[in-house]
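Structure first, commentary second.
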Protein chains: 2
Amino acid sequence: LQRVLVTGATGFIGRHAPALLAERGYEVHVVVPTEEEAAVAKPARPHVADLLEPGAPAEVVRTIEPSHLLHMAWYVEPGQVWSSLANVQWVEASLALLRAFGAAGGKRAAFAGTLTEYGHPPDGVAREDTPLRPTNLYGECKAALGRLALATSAELGVSTVWARIFFAYGPFERPRRLVSSVTRSLLLGEPAPTSHGRQVRDYLYTPDICSALVHLLDGELEGPVNVGSGEPVSLRDVVGRLAELVGRPELVEFGAIEPGPNEPAVLVADVSRLRDEGGWTPAHSLDQGLELTVEWWRRTLTERGELPADA
Amino acid sequence: LQRVLVTGATGFIGRHAPALLAERGYEVHVVVPTEEEAAVAKPARPHVADLLEPGAPAEVVRTIEPSHLLHMAWYVEPGQVWSSLANVQWVEASLALLRAFGAAGGKRAAFAGTLTEYGHPPDGVAREDTPLRPTNLYGECKAALGRLALATSAELGVSTVWARIFFAYGPFERPRRLVSSVTRSLLLGEPAPTSHGRQVRDYLYTPDICSALVHLLDGELEGPVNVGSGEPVSLRDVVGRLAELVGRPELVEFGAIEPGPNEPAVLVADVSRLRDEGGWTPAHSLDQGLELTVEWWRRTLTERGELPADA
């Protein structure tokens, strides 16, 4: 039996995981912090537990006895994620979860890491062996957990892959992020102020990110793996495409916002490991993903009554 | 009031800490895992708790409300320390301890790190900014905890120093270590087989190591600091000196043991930060420390009846 314990299964990326895992024949158990989220997580089997409570990770593993672990849960409060001490709590909880998983006979694990582990690579391109130089507590915690999770897994006899996820966009994105805020403004006919837009990034559609994580978990690749599209794009091109899709290019105000003082010019992923060793490529082009995201926002804003039904 | 919480205060290095802290005017509270160790730790105020129990670190801090933290406790079982999962548990417990300490208003912390964080520096000399490339789980855990403890302290407003301790010798050393095993054999008139002895190391007398930790805690230096003598010595010279002190040079068998396959030729500390910025130098030369160690073994073996009282 392939029984997978999934954390973060109601999140921006993780919400696509239960269906993808069920398709591959897994018995899917999700751990969620509240009864409300348990309802969202169906048809997967929900277990309500706060993994940050001392002792909770071991208790959850005892109950589920999983053969596989897909750990995506983390603290994600906007504006506070970079420096919150909750990052440290998640390191503790994640290690306790992995130890319990291995001790209970778990075999294969995938963890959600982040591009933030790299900090700012000198040439803007992050390869899996690029030295990790995180610039904030979030990045420090994910980088340290990544190294520890892999070293711990080796002693536990657990086969573990650590997915460093790059820039994400898609349905359910928090409203202050680039793609969500620009799309929403354009649909509502409001000005969409952005920075100069010359920053180059690696953007991937969240259902594809989650598909990559599930593909990795279901495979045998071990160690760190970048998860991105492998196709660098300027923010100007992303925003320009959104404006075309909505048909309101005149609302975009490039240069109206100062970019952050430490924002790198280029920050992209080398995805050759994911593609060549992992055998995975995205199902959606950037154009397709942005189109689906605009449609999702149009539907969502209409349902909320913020957009007239005939817009 | 300067109230210090000490962990590891009954260990090989830490056992010298309570007296040194009391001399400097601290109210000394030590956390020990058993009632037996509580007896050893007097006259410091003992608190019996297993810091690896979920929730225990926070509970201990709540009870003591310390202004200072000297955290030296770790898993030290010989032969298992390099790969034991207890290392991972100590990362979790140490982070929980630091978070609780900071949340309760703690101001200044010192942690025991290790040369093992460095792995094998290319030229054999470890400076604080030498990239950390640990080669086992113990080193991975200490290295990760060091980075996390410093990043977490910055957010907590705790001033923290991370002491990377090099090779230690002195009273109470476990019997299979180089200085203890050679000294014991020589005193008992037994052969003392060693490797070729050309390895160069940085050895420091444990009361001096502990004095450095207490000095650092009582000061203001932050970040990683190597703790060593700064005087490289070959193992052959260490063993030769022990043989002279006991007066049995003919018992030493250099070359009788194969050195480990990955044993570096040179592994020494650059201690300029400890000396110049920290203002600390050892009270004992290697000769003095070895002499005191031989005397301690002679006394201990006599008390145990392994050595006749008139030897």
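Structure data summary
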item: Chain B: angle of helix B:86-103 to the longest principal axis, Cα-based, in degrees nearest 10; result: 40 degrees
item: Residue range of chain B that is longest and free of trypsin sites (Lys or Arg not before Pro) which are both DSSP loop and sparsely packed (at most 16 other C-beta within 10 Å); result: B:199-303
item: Pseudo-label separations to other copies for A:G305 - Cα-to-Cβ vector, 7 Å, nm; result: 9.1
item: Which of B:L242, B:A212, B:S185, positive extreme of dipole for region B:140-275 (C-beta unit charges); result: B:S185
item: Prolate/oblate/rounded call for region A:31-115, Cα gyration tensor, a/c under 1.5 rounded; result: oblate
item: Summed side-chain charge close to A:A143 - residues other than A:A143 whose Cβ falls under 11 Å, Lys, Arg +1, Asp, Glu -1; result: +3
item: For region A:146-182, residues shielded by at least 30 square angstrom of accessible area compared with the chain on its own, probe 1.4 Å; result: A:R147, A:L148, A:A151, A:T152, A:E155
item: Carbon and sulfur %, accessible surface of region B:144-232 computed with the full protein complex present, 1.4 Å; result: 46 percent
item: Distance between region A:105-170 and region B:162-176 - C-alpha centres, whole angstrom; result: 33 Å
item: 0 to 90° range, to nearest 10: angle between helix B:286-303 axis and chain B longest Cα axis; result: 80 degrees
item: Lysine pairs within the protein assembly as shown, Cα separation less than 29 Å, 8 or more sequence positions apart or different chains; result: 9
item: For A:F254, inter-copy label distances in nm, listed shortest first [label point 7 Å out on the Cα-Cβ vector]; result: 7.3
item: Exposed-loop-free span, longest in chain B, where chymotrypsin sites (Phe, Trp or Tyr not before Pro) count as exposed if DSSP calls them loop and at most 16 other C-beta atoms lie within 10 Å; result: B:83-171
item: Listed residues A:G278, A:G25, A:G146, most fluctuating in chain A (Gaussian network, C-alpha, under 10 Å); result: A:G25
item: Teacher prompt: B:E65 distances to equivalent labels in other copies, 7 Å Cα→Cβ, nm; result: 4.8
item: Accessible solvent surface per residue of region B:117-230, calculated while the other protein chains remain in place, 1.4 angstrom probe, Å²; result: 34 Å²
item: Accessible surface buried upon A-B contact (total; probe 1.4 Å; Å², nearest 100); result: 2000 Å²
item: Of B:N226, B:N262, B:N136, the one that fluctuates the most in a GNM where chain B has Cα springs shorter than 10 Å; result: B:N262
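The values are calculated or read from the model by the stated rules, or taken from the named source; none is laboratory data. All values reported here derive from a predicted model rather than from experimental measurement. When we count neighbours, we look across all protein chains shown, and the Cβ atoms used for this are built from the backbone with ideal geometry, even at glycine. Note: accessible area is taken over every heavy atom of the protein model, side chains too, but ligands, DNA and RNA are not part of it. Shrake-Rupley method; radii C 1.70, N 1.55, O 1.52, S 1.80 Å.
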